[in-house]
Amino acid sequence: MRLRNNVLWLGIAAILLAAAAPGFAANKEIVQLQTQVQSLQDQVARLQQSVDMNMGVMKNLIEQSADSVNKMNATVNDLQNKMQGLTADNNGKIDQLSSQVQSLHDSVDELKSRLAKVSKQLDDMQQGGQNLPAGQPGMTAAPAGAPTAAAPGGDAGSAPPADALYNKALRDYNSGKYDLSSQEFGDYIRNYSTTDLAGNAQFYIADIEYRQGNFAAAVKDYDKVLEQYPGGSKAAAAQLKKGYALLELGQRDAGVRELNSLIARYPRSIEASQARDRLRRLGVTSGSTTHKPATATTH
């Protein structure tokens, strides 16, 4: 009986062990899966951390690059503003230098005129002394600064002496008294149109009109300088300013032709250098258009 009970208990135990074996195997696989999942989760977490770090570095580099670009843009804009300022200053200095050169030309022309008069008076005195018989007093030379022969229709007798009238007109011009100066230069031309400084007076009449913005009238009066006094000291300056006036009137082609014609006529003059600079600022190569005589332009 005891043996029978033992066998019975052994059978039950075997059945229980047989039933429990699959459960133990399943639990082991679950534990392995859980371990693998945890490992994958750890790898994903590390990968996410690495991505976050790399993204932070990239974001920092992008921000630094943006700051560098902004600084470069600011630097470039500052350089452009400085270049524009320098260009404006240089243009102003060139115009100022041109005015100073014109004044120096006037002073030289005035001295040349006076020296020519003195030389002529000395020649007249010497010639008169040689032609007179011995013992007869020589002819007295005209005093320095005496009025030259008046133009047809002029009244030199009632006008101030030529030198005094011209010098006063030039002083008023340099002082900015343009209306008064223009009137005085006009009086000079009416009374002394055959003198060496008559072309200068005509130039200043045109230049006053240019400074006052009356460009159409300035073109006509610059033409008078070129037509009536082509060999005068103001011919190159008159053609330069005529070209400027045409550009101010919007007549670009005519202005470019005039400046190119000036360069061809007076290639080594200061006015030619100014004409080349103006053409360069216009984006035009000097000599790129057909030259046309300055006096042929009609207005």
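The values are calculated or read from the model by the stated rules, or taken from the named source; none is laboratory data. Every value quoted in this text rests on a predicted model; they were computed, and no experiment measured them. No Cβ is skipped: glycine too gets one built from the backbone with ideal geometry, and neighbour counts run over all protein chains shown.
Data overview
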quantity: Whichever residue in the stretch 225-234 is among the small types (Gly, Ala, Ser) and in contact with a helix residue (DSSP H, G or I) (Cβ under 6 Å, 6 or more places away or on another chain) and, among such residues, is surrounded by the most Cβ atoms within 10 Å (Cβ to Cβ); calculated: 232
quantity: Condition check for residue 259: within 21 Å of residue 224 (Cα to Cα), surrounded by fewer than 23 Cβ atoms within 10 Å (Cβ to Cβ) and in the same structural domain as residue 206 (by TED's automatic domain parsing); calculated: no
